[in-house]
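A quick write-up on the structure given underneath.
The values are calculated or read from the model by the stated rules, or taken from the named source; none is laboratory data. Not measured: the values here are computed from a predicted model. As a convention, Cβ positions derive from the backbone with ideal geometry for all residues, glycine included, and neighbour counts pool all protein chains shown. Just so you know, the surface numbers come from the protein's heavy atoms only, side chains and all, with ligands and any DNA or RNA stripped out. Shrake-Rupley method; radii C 1.70, N 1.55, O 1.52, S 1.80 Å.
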Amino acid sequence: MKVLFGGYTDHASQGLYEAFLDQQNPNPSITNLKNIIQLQRPTYFQTDGSLLFTISQNDNQAGIASYRLIGQNYVQIDAFYHPGAAPCYLALSKNKKLIYTANYHLGTLSIFQYDEQGHLQFISSCQHTGHGTLKEQDAAHPHFFNQTPQGNLVSCDLGLDRLDFYTFDGNQLKHVANYKMEAGFGTRHVRFSVDGHYMYVVGELSSKVNVIQIDETNWNFAEIDSVKTIPESYSEHNGAAAIRISNDDKFLYVTNRGHDSIAIYRILANHHLDLIQRIPVYGAFPRDFNFNSQQNLLIVANQNSNNATLYKRNQKLGTLVPIQKDFYVPEPTRVIILD
């Protein structure tokens, strides 16, 4: 199966990379890294069949670009660029053919439409304003923008310690609710329970995961639990990053940049989180990670050490065992396993 990596292009990276993961082998491994698309700073991307949509920079402009796999090669179809910094997050609604982006530096949320060929059309955007309490919160810094279980939209704003909820009707974004985290939380990403009644929110600046009950009909919220992603004794800098939940809704995973680990929690029946493992990433600054479709393998991308680490995952217990620690990938911040 294919593994795709993207990231910064400040040093050795040339753009987007592809590798091979042999999951049929008794000892799976990642091999055969090659550069498949040359572009600047593809720090986050998504795929829809043969289409690939990525954050992109074009010298002093930035935005998103679309590519289509034709034969063995990705061919650029379209791009949308604007002055200033690039978005940091990109999500897809494949059934609606919509793209959602969050721009950390500009404080904007944007929506695009795409067709079957990958052509892009800008639809709408909105601007966040304000600031938080810490130096990293000097302005609004949206870091996530995606659909909720009921088809609304939600953003995570690191600068405002807030989740904002929107409806999107008639090509217009309408703000309908928000949920304020504690000061200095640094709201980065959110995941939802399978039934859609609970949110698991990761705070980059606080190194916490908060569990919040949500009612999207009446926009009522209630905090259920809050846990640290790093040991209480750890006093050096850490930034919590990616968060994912297993398909069976039983385990939650979050990366720690600084402590350089993955924290794993069992999701209890009352939706509290029980730490079951905190395992090193065997690299530095783990920005993103992902499962294969069976969720018996996990790959983490370590940005500052230029490597990816492969783990076997115990699907019953949720725990990880490293099986490959030193696969070279330049400046990776995003990984997807295509199978």
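Under a Cβ-Cβ cut-off of 10 Å, what is the net charge of the residues other than LEU338 that fall near it, where Lys and Arg count +1 and Asp and Glu count -1?
Neighbourhood net charge equals -1.
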The chain, accessible surface, carbon-and-sulfur percent (1.4 angstrom probe): 44
Placed amide H near ALA139: partners under 5 Å, 5+ positions off or other chain: GLY132
Listed by chain and number, the residues whose amide H is under 5 Å from that of THR333, excluding neighbours fewer than 5 places away on the same chain and using placed H, are GLY6, GLY7, TYR8
Quick check: the distance between the Cα centres of the stretch 161-224 and the stretch 14-36, to the nearest angstrom? 35
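Find the relative contact order for the stretch 92-245 and round it to a whole percent, using C-alpha pairs within less than 8 Å whose residues are 6+ positions apart.
Working: 370 pairs, mean separation 21.0, N = 154.
Relative contact order, the stretch 92-245: 14 percent.
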Lys and Arg at +1, Asp and Glu at -1: neighbours of CYS126 with Cβ under 13 Å from its Cβ sum to -1
Expected vector for the stretch 288-300, Karplus 3J(HN,Hα) from phi with 6.51, -1.76, 1.60 and θ = phi - 60°, integer Hz, x for Gly and Pro, equals 9, 8, 7, 9, 7, 5, 6, 6, 9, 9, 9, 10, 10
Using a 1.4 Å probe, how large is the accessible area of SER110, given in Å² and rounded to the nearest 10? 20
A student applying the Cα gyration tensor rule (rounded when a/c is under 1.5; otherwise prolate if a/b is larger than b/c, oblate if not) would label the stretch 1-132 prolate
In debye, nearest 20, what is the charge dipole magnitude of the stretch 116-197 about its Cα centre with +1 on Lys and Arg Cβ and -1 on Asp and Glu Cβ, if you could check? 80
Karplus-derived 3J(HN,Hα) from phi for the stretch 144-155 (6.51 cos²θ - 1.76 cosθ + 1.60, θ = phi - 60°), whole Hz, x at Gly and Pro, runs 7, 7, 7, 7, 8, x, 9, x, 7, 10, 9, 10
SER50 to ALA284: FRET efficiency via 1/(1 + (r/R0)^6), r the Cβ-Cβ distance, R0 25 Å, to the nearest 0.05? 0.15
Which of TYR253, HIS237, ILE123, positive extreme of dipole for the chain (C-beta unit charges): TYR253
If you take every residue apart from HIS197 with its C-beta less than 12 Å away from the C-beta of HIS197, what net charge results, scoring Lys and Arg +1 and Asp and Glu -1? -4
The chain, accessible area per residue, ligands and nucleic acids excluded (1.4 Å, Å²): 41
Could you give me the ³J(HN,Hα) list for the stretch 274-281, computed from phi with Karplus coefficients 6.51, -1.76, 1.60 and θ = phi - 60°, whole Hz, x at Gly and Pro? 10, 5, 10, 6, 9, 10, x, 9
Only residues of the stretch 264-279 count here: report those whose backbone N is under 15 Å from the spot 7 Å along Cα→Cβ of HIS197, or say none. 268-272
Ignoring everything but the protein chains, give the 1.4 Å probe accessible area of MET181 in square angstrom, nearest 10. 10
Assigning unit charges at the beta carbon (Lys, Arg +1; Asp, Glu -1) and nothing else, what dipole magnitude in debye, to the nearest 20, does the chain show about its Cα centre? 500
Treat every Asp and Glu Cβ in the stretch 235-339 as -1 and every Lys and Arg Cβ as +1, leave all other atoms uncharged, and give the resulting dipole magnitude about the Cα centre to the nearest 20 debye. 180
Give the relative contact order (percent, whole number) for the chain; include only Cα pairs under 8 Å separated by 6+ residues. 11
Roll a 1.4 Å probe over the protein heavy atoms and report the accessible area of ASP78 in Å², nearest 10. 40
Work out the FRET efficiency for GLN76 and GLN172 from their Cβ-Cβ distance, taking R0 = 22 Å, and round it to the nearest 0.05. 0.15
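I'd like the FRET efficiency for ASP215 and ASP22, computed as 1/(1 + (r/R0)^6) with the beta carbon distance as r and R0 of 41 Å, rounded to 0.05.
On the way: r = 45 Å, r/R0 = 1.10.
The formula returns an efficiency of 0.35 here.
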